[in-house]
Amino acid sequence: MQMTAEEREVNKVAAKSGANREIFLPPERERVKDGGKPHVSAKNFSIFYGNFEAVKKVNADILSKYVTAIIGPSGCGKSTFLRAINRMNDLIPSCYTTGTLMFDGEDVYGRYTDEVQLRKKIGMVFQKPNPFPKSIFDNIAYGPRLHGVKDKKMLEEVVEKSLRKAALWDEVKDRLDRNALGLSGGQQQRLCVARTLAVEPEILLLDEPTSALDPKATAKIEDLIEELRGSYTILIVTHNMQQASRVSDYTMFYYEGDLVEYAPTKQLFTNPRDQVTEDYITGRFS
Amino acid sequence: MSSQKEQRPVAGNRGYIRQKKERTIDIVSRRLAQRYRKEKRFKLYGLFSIILSTVFLAVLLTSIVSNGYSAFFQTYIKLDVTLESTMLDRENLGKSDFQGIIKQSITKLYPEVADRKSKRELYALFSSGAAFQLRETVMKNPGLVGKTIPYWVPADDDVDMLMKGHSKRGVPENERRLDDRQLGWIDKLVDQNRIEKKFNVTFFTAGDSREPELAGIWGAVKGSFFTLLVTLALSFPIGIAAAVYLEEFAPKNLATDFIEVNINNLAAVPSIVFGLLGLAVFLNFFGMPRSTSLVGGLVLMLMTLPTIIIASRAALKAVPPSIREAALGVGSSKMQMVSNHVLPLALPGMLTGTIIGMAQALGETAPLLMIGMVAFIVDIPGGFTDPAAVMPVQIYLWADSPERAFLERTSAAIMVLLAFLIMMNAVAVIMRRRFEKRW
Ligand SMILES: Nc1ncnc2c1ncn2[C@@H]1O[C@H](COP(=O)(O)OP(=O)(O)O)[C@@H](O)[C@H]1O
Ligand SMILES: [Mg+2]
């Protein structure tokens, strides 16, 4: 792989500091049209499992229509934070939050917030592909059907549109009635993205969407994120720093439950403010 | 640790030098043989226990089948019955003296038997139910009146046992159920080809009776059917609703913990306790009719509920959380998540649990004794509130009877019960397949 002069410079510095891994410069990225408004804002937002504070007093705005990556060592609270945004943590009885988390000016944990409505607007894709054990068509059509689309024609349209957006249409258009479990891992994951897109969310939460996939399937998912950038607010958790630098506009670095650093991706990878961040991105620990 | 100290010379002339620097691969291959031996031994244990249990099962089945198969046949005796118009009142056929007609036909076969005592001994060779069967035949075909017809009547159980070889002729006369004269009469029937073993239809169509040759399992089968219908209709929906609520909706707190512990305990309570409960609640408090399928089904429902709840909860727990997350992630409510995804995936497991519970209920005796289902019931139940027996109770009653002929009927009834159990399991397997295919 060819390195730019700037990258060589950064890596020289990194090598001097004892880093054992090359770091990659994120590409220059275009500005997104009418993006950049705070879409999700956390204020002193903490998440607990019983007495254990898994995410500690986070203050951050997630900007609309941009891709924000969340990186950090295993167990630092990335998934916990992500799942808090669409209240997926409600499934865990011991889990509760303090502080506020606003979505579009609405308190996510407010007393009158309907978490079902919230989850329709905040779609999520998980680490392990989890298609329903149903046909490909039914997988995608399930969400729209839930929200009242009954017309067969309309459902077919939605399915095609979602599969096209998820770059899966050409591969499955002839076998929409086959069981989704027959697809490959990468296809299943794109199916899950399509299923999420079918309910027209505003935010896409991706929790390590490529960690169970091979490099080729990973590349497809990354292309897909690039494709969706600018249309959706995307939050992606990844333990792969190169992936974060490739796909994201902003990066959050979590360490032991603290949001240590949150900056434009390029700045975070080339010029981290915090020593821990630097140690992490130069691979001194992981 | 000891294996490291233990130093064995390695083959070869410089073995003692080499052993110090034994390579890892050598240790591995030395351990490998040991590992294989261990694995082989383990497999042998498993094989041995399989063989042992198969042998037990085979012994059980052969003893039941060899004891019971002869009950599917019954000895019949051919009589030439003359349906004289003088003895039959055409207007009032049912009230006619069929007993007399049968007796007349018998004496016609043995003109030499004259005195009353001998006649009584002679009549004892024929089933006392013969007259009833003749009555039914004639009532169905009134055209037979005035004719002489060959008519097969069931032999008495003592004759039946003799013909089947269960009771021996060789024993001294005073230890036999049939005396020498009666044996002579039977021999005459054999000579005239008037005695024959036929398929025992009565066994599959009649209710219980004091006379083994007239006793059948059908009443008990129907009783079991009605009882299990009540049990299934109540325990399946209640059990599944309880399991879904506890597993998916109930808050996790002390109260639900308490309920959970109690359900698990209930599954281990001796079944007779449920019988006592049924006696106290359904019979004494609610005043429901005694000995009926309705109450039996209610009692068995109490007994099977914990089994169904526990199996259903296990099935619900086994549905992967990823499916739940997927459903919630596209904006389904908890209710929709459960009914669209979790329940269909858990249903095969729930059905298995239910069938296991029902099979248990089908074989249950003790609690039914407490609510009076042990009564001697001749009539075949026609509904839920008719007095009824169930199959295991029928088996228990027959096993308790002194007649040799009931012994083989006991085994035959067990075979019928086993057939039903196998059928239920087959249904479970088929249903499971069907539901799993849909997904
Ligand atoms: N269901 C749970 N109950 C209790 N503790 C949990 C639970 N899930 C995660 N944790 C803890 O919270 C911390 C953060 O976990 P997580 O957000 O999954 O980390 P990651 O950054 O690897 O995604 C970890 O220390 C983990 O042990
Ligand atoms: Mg995680």
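Ranked by accessible surface with a 1.4 Å probe, highest first, in what order do B:Arg176, B:Arg432, A:Arg145, B:Arg23 come?
B:Arg23, A:Arg145, B:Arg432, B:Arg176
For the range B:218-435, what percent of Cα pairs sit more than 32 Å apart?
27 percent
Tell me the net charge near A:Leu176. Cut-off is 10 Å between Cβ atoms, A:Leu176 excluded, with +1 for each Lys or Arg and -1 for each Asp or Glu.
Values: positive: A:Lys173, A:Arg175, A:Arg178; negative: A:Asp138, A:Glu156, A:Glu160, A:Asp174, A:Asp177.
With Lys, Arg at +1 and Asp, Glu at -1, the net is -2.
Would you mind working out the accessible area per residue for chain A, using a 1.4 Å probe, and quoting it in Å²?
Solvent-accessible surface per residue comes out at 46 Å².
Which whole-number percent gives the relative contact order of the range A:220-286, counting Cα pairs below 8 Å spaced six or more residues apart?
Once normalised by length, the contact order is 20 percent.
Nearest 0.05, what FRET efficiency do B:Ala318 and B:Arg210 give at R0 = 41 Å with Cβ-Cβ as r?
In this case the efficiency is close to 0.20.
Using a Cα-Cα cut-off of under 17 Å, which aspartates and glutamates could be cross-linked to A:Lys37, ignoring same-chain neighbours fewer than 8 residues away?
Of all the aspartates and glutamates, those that pass the test against A:Lys37 - Cα under 17 Å, at least 8 places apart if same chain - are A:Asp61, A:Asp104, A:Glu106, A:Asp107, A:Glu202, A:Asp249.
What angle, in degrees between 0 and 90 and rounded to the nearest 10, separates the Cα long axis of helix A:215-228 from the longest principal axis of the Cα atoms of chain A?
For A:215-228 against chain A, the angle is about 80 degrees.
Aspartates and glutamates near A:Lys150 by alpha-carbon distance under 19 Å, same-chain residues fewer than 8 away left out - which ones?
Within the straight-line cut-off, A:Lys150 pairs with A:Asp138, A:Glu160, A:Asp177, A:Glu200.
When chain B is treated as a GNM, springs tying every alpha-carbon pair under 10 Å, which of B:Phe72, B:Phe226, B:Phe258 comes out with the largest mean-square fluctuation?
For chain B, modelled as a Gaussian network with Cα springs under 10 Å, the answer is B:Phe258.
Which helices, taking whole DSSP H runs in chain B, have alpha carbons extending 18 angstrom or more along the helix axis plus mean Kyte-Doolittle at least -0.5?
The qualifying helices are B:24-68, B:218-244, B:254-268, B:293-317, B:343-362, B:404-437.
What lysines does B:Lys108 reach when the alpha-carbon gap must be under 28 Å and sequence neighbours fewer than 8 apart in one chain are set aside?
Answer for B:Lys108, where 28 Å is the Cα cut-off: B:Lys78, B:Lys95, B:Lys117, B:Lys119, B:Lys140, B:Lys147, B:Lys164, B:Lys188, B:Lys197, B:Lys198, listed by chain and number.
What value, in deg cm²/dmol to 500, does the helix sum -39500 (n - 2.57) over DSSP H runs of n ≥ 4 give at 222 nm once divided by the residues of the protein assembly as shown?
About -16000 deg cm²/dmol.
Enter the buried accessible area of the A/B pair, total of both sides, probe 1.4 Å, in Å² rounded to the nearest 100.
Using a 1.4 Å probe on protein heavy atoms, the buried area is about 1700 Å².
Which percent of the accessible area of the range A:96-184 is formed by carbon and sulfur heavy atoms (probe 1.4 angstrom)?
Carbon and sulfur atoms account for 49 percent of the accessible area of the range A:96-184.
So which residues of the range B:318-367 lose at least 40 Å² of accessible area, probe 1.4 Å, when you go from the chain by itself to every protein chain present?
Checking the loss per residue gives B:Ile323, B:Glu325, B:Ala326, B:Leu328, B:Gly329, B:Val330, B:Gly331, B:His341.
Looking at chain B from every direction and averaging, what is the projected area of its Cα convex hull in nm²?
40.2 nm²
Which whole-number percentage describes the relative contact order of the range B:65-217, with Cα contacts under 8 Å and a sequence gap of 6 or more? Mind showing how you got there, number by number?
Values: 183 pairs, mean separation 53.7, N = 153.
Once divided by the residue count of the range B:65-217, the mean separation gives 35 percent.
Using a 7 Å offset from the Cα along the Cα-to-Cβ direction at both B:Val65 and B:Val273, what is the distance between the two label points in nm, to one decimal?
My value for the distance between the label points is 4.0 nm.
Work out how much length B:Arg290 to B:Tyr245 would gain on full extension: take 0.36 nm times their residue separation and subtract the Cα-Cα distance, in nm to one decimal.
12.8 nm
Which positions within the range A:89-126 get 30 Å² or more of their accessible surface covered by the other protein chains, compared to the chain by itself, with a 1.4 angstrom probe?
The answer is A:Leu91, A:Val116, A:Arg119, A:Phe126.
What are the residues whose amide H is under 5 Å from the amide H of B:Lys197, where those residues sit 5 or more places off or on another chain and H is modelled from the backbone?
Excluding prolines and chain starts, which carry no amide H, the hits are B:Tyr76.
Pick from B:Ile50, B:Ile323, B:Ile186 the residue whose mean-square fluctuation is largest in a GNM of chain B, springs joining Cα atoms under 10 Å.
Of B:Ile50, B:Ile323, B:Ile186, the most mobile in the Gaussian network model is B:Ile50.
Could you work out the relative contact order of chain B, using alpha carbon pairs under 8 angstrom and six or more residues apart, expressed as a whole percent?
18 percent
The values are calculated or read from the model by the stated rules, or taken from the named source; none is laboratory data. A quick note: this is a predicted structure, and the numbers were derived from the prediction, not measured. Ideal geometry is used to build each Cβ from the backbone, glycine not excepted, and the neighbour counts take in all protein chains shown. Only protein heavy atoms, including side chains, enter the accessible area calculation; ligands, DNA and RNA are left aside. Shrake-Rupley method; radii C 1.70, N 1.55, O 1.52, S 1.80 Å.
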